[in-house]
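Each remark here refers to the structure printed beneath this line.
The numbers here are math on the coordinates, done by the rules we state, and not lab data. The shown structure was predicted, so the numbers you read here are calculated from the model rather than taken from an experiment. Cβ: placed from backbone, ideal geometry, glycine included. Neighbour counts: every protein chain shown.
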Amino acid sequence: MTGIEGIAAIGGADAAPLAMRLGEAAATVAQPAGGAGFGEVLMNGLRGVDQKLATADKLVQQFTVDDSVPVHQVTMALEQARLSVELAMQVRSRIVEGYREIMNMPL
């Protein structure tokens with residue numbers, strides 16, 4: 001699943017804005033698209049990050065052994081892996097921040 005597919009799965013990118021769907025039942029708005037839950041979306045994202053890291057590592061190893069892999073391809077793979085890790089860390093930080101905020105709410 002690419003990043004765009006993940007966003008579409010979460011928010012229903014082709015659906016009308018929420019303000020236009022106020023007459024619909026609340027249950028249909030709260031249901032995730034495609035039946036994918038929050039944990040499943042997170043795990044798919046982490047698998048994608050892991051896959052990009054493995055691809056970048058493999059390209060670096062191939063580049064060091066022989067010159068059949070162009071340097072720009074290695075650079076692009078490394079940058080994609082770096083950005084993926086950075087995004088995953090930002091998502092983790094936001095989830096932890098949200099959890100702490102919920103836990104600090106008075107009952």
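Before moving on, here are some points about what is shown:
- Point-to-point label distance, M105-T55, nm (Cα→Cβ direction, 7 Å offset): 3.9 nm
- Alpha-carbon gyration tensor eigenvalues x 5, square-rooted, for the stretch 67-107, Å: 40, 5, 4
- Residues whose amide H falls under 5 Å from that of V69, counting only those 5 or more places apart or on a different chain, are absent, with hydrogens built in the peptide plane.
- Of the residues M76, G37, T64, the one whose Cα sits farthest towards the positive end of the charge dipole of the stretch 37-107 is G37 (charges of +1 on Lys and Arg Cβ, -1 on Asp and Glu Cβ, taken about the Cα centre).
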